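The block underneath contains the structure these notes are about, expressed in structure tokens.
Rule-based calculations on the coordinates, nothing more; no lab input. Just so we're clear, the structure is a prediction, and the values are computed from it rather than from any experiment. With ideal geometry, Cβ positions are generated from the backbone for all residues, glycine too; neighbour counts draw on all protein chains shown.
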Amino acid sequence: MTTATLQLDVDGPAAPPRSNGELVFAEPWEGRAFGLTMALVHGGVLDYETFRTALIERIAAWEAAPLPGEEFRYYRCWLAALEQVLGRAGLVSGDELERRSVEFAARPPGHDHRHDHHDHAH
């Protein structure tokens, strides 16, 4: 069985940040949000064009009214678009998103990486 390849935008408002053609994630959660979205698209749970439209809308909304002192963060728009699309599809409620966000925010740094790094040197 073959899986169709999804073509991400290379330029324009929906194009993810890249360096030398490779996707760039400033923080681990950004890569996770991207991976989750792609898994949902490839699994047939989420329509990419619906998500892409929501992403472009979120970016446009930020550009129209940026908060003073706040810099643009592509993956914040990505995550907001994902939450919006999942909510509209009835796959997750706003209350559930809020509850889980609070739980994740309360976890200490490095909570999922508990080993000595000297093991990586060998």
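Show me the helices (runs of 4 or more DSSP H) found entirely inside the stretch 1-111 where at least 1 residues are touching a strand residue (DSSP E or B) at 6+ places or on another chain (Cβ under 9 Å) and surrounded by 13 or more Cβ atoms within 10 Å (Cβ to Cβ).
Working: elements: 28-42, 48-64, 74-88, 94-106.
So the answer is 28-42.
Taking residue 93, is it over 18 Å from residue 57 (Cβ atoms) and within 15 Å of the chain's Cα centre (by Cα)? Please lay out each step first, then the result.
Numbers: over 18 Å from residue 57 (Cβ atoms): yes; within 15 Å of the chain's Cα centre (by Cα): no.
No; evaluated as a whole, the condition is false for this residue.
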